[in-house]
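Report on one structure; see the data block that follows.
The values are calculated or read from the model by the stated rules, or taken from the named source; none is laboratory data. Remember, predicted model here, so these are calculated numbers, not experimental data. Ideal geometry is used to build each Cβ from the backbone, glycine not excepted, and the neighbour counts take in all protein chains shown.
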Amino acid sequence: MRIDLHTHSAVSDGTDTRAELVANARAAGLDVVALSDHDTFDGLAEAVQAGTELDIRVLRGIEISAEHDGTSVHLLGYGCRADDGPLNDELAKIREGRSGRVPTMLRRLAEAGMPVPEDVLARYVGDSPSIGRPHLADAMIELGYVADRTEAFDTWLAEDRPIFVKRYSVPLAAGLDLVRAAGGVAVIAHPWGRVSRDQLPVEVLAGFARAARLDGVEVDHQDHDAATRAELRALADRLGLLATGSSDYHGTGKVDHDLGCNTTGPAVLTEISARVAERGGVL
Ligand code: AMP
Ligand code: MN
Ligand code: MN
Ligand code: MN
């Protein structure tokens, strides 16, 4: 059984439509795939429907923009009720923060000699409910300012680069509680990837685990090297946290994140399903 619990469609910053993503997941030999777009449930109904048609199980996920001690942390939620009021209010706030900083970034880009016309940007935003830096990066590629998303981020858009503008993210503790209250299972995405273990130290993960607020950590992820995976897996064992593995697929938007490049064990999925059922969520 091949299970990939973290993928993105064009509803956030992936490049596949929901139907393409599900078809590609099946072609990659996956039995189960979770759609986990950033800060929105918008693509889930259509992806689940496509899964029924193509005979592959599609799970309802989300990747929420959170922060801890001023550092950006990504929180995966599985099986959250998509109509949960408090969670949706928070997601709307996050999306408004993401889109709200775009005019400032567009002004900075123009000042740097890289004007991005709104219609070009709009083509890449598509029907995504918020505008993210990957959409800006795609517009910059089309306009010939950069070769790819990596260059766009490394030169202009990353946190320490000139175009970056900080945005609102939910405090991690509140995010964990919102996910669980919405019936979901809370897993921290790539905890020691782009964010270092100094910023999200063992004590913090242990604290959330002991307080029974956190269900798991994503161990097998392309941003973790072999040593990091081994340490994180041992830590998850010690703390009684679930250890997941996934691709973080973004279509052509992220290289080396092919569907199924990392997977989650069936026993972990069984436990996730049991917890969602217990909490009244919908996986
Ligand atoms: P935003 O939501 O506007 O803050 O943009 C964050 C998104 O940009 C994340 O979802 C990542 O998928 C993507 N991202 C962050 N850093 C990079 C990078 N160095 N290269 C490509 N994509 C990135
Ligand atoms: Mn992304
Ligand atoms: Mn992430
Ligand atoms: Mn992701």
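A few remarks follow.
- Checklist (1) in contact with a His (Cβ under 7 Å, 6 or more places away or on another chain); (2) away from ligand 1 (no atom under 16 Å from the Cβ) applied to residue 36, failing item: (2)
- Residue within the stretch 68-79 that is surrounded by fewer than 19 Cβ atoms within 10 Å (Cβ to Cβ), more than 30 Å from residue 270 (Cα to Cα) and either polar (S, T, N, Q) or in contact (Cβ under 8 Å) with a residue 40 or more places away in the chain (or both) present: yes
- Search result, residues across the stretch 202-232 that are assigned to a loop (DSSP other than H, G, I, E, B) and touching a residue at least 24 places away in the same chain (Cβ under 8 Å): 213, 214, 215, 221, 222, 223, 224
- Residue that is farthest from ligand 2 (Cβ to nearest atom) [pool: residues in the stretch 233-265 that are surrounded by fewer than 20 Cβ atoms within 10 Å (Cβ to Cβ), in contact (Cβ under 8 Å) with a residue 24 or more places away in the chain and not in a loop (DSSP other than H, G, I, E, B)]: 239
- Check on residue 72, within 14 Å of ligand 2 (Cβ to nearest atom) and either over 14 Å from the mean Cα position of the chain (by Cα) or closer than 30 Å to residue 147 by Cβ (or both): yes
- Flag for residue 64 being under 20 Å from residue 159 (Cβ atoms), in contact with a Phe, Trp or Tyr (Cβ under 7 Å, 6 or more places away or on another chain) and aliphatic (A, V, I, L, M): no
- Only listed residue being outside any helix (DSSP H, G or I), more than 9 Å from ligand 1 (Cβ to nearest atom), of a type in the set (Val, Ile, Thr) and in contact with a Ser or Thr (Cβ under 8 Å, 6 or more places away or on another chain), chosen from 116, 146: 146
- The residues of the stretch 6-33 that are away from ligand 1 (no atom under 16 Å from the Cβ) and either over 21 Å from residue 262 (Cα atoms) or not in a loop (DSSP other than H, G, I, E, B) (or both), listed by number, are 17, 18, 19, 20, 22, 23, 24, 25, 26, 27, 32, 33.
- Verdict on residue 199 being under 22 Å from the mean Cα position of the chain (by Cα), modelled with pLDDT under 95, in a loop (DSSP other than H, G, I, E, B) and on the phi < 0 side of the Ramachandran plot: yes
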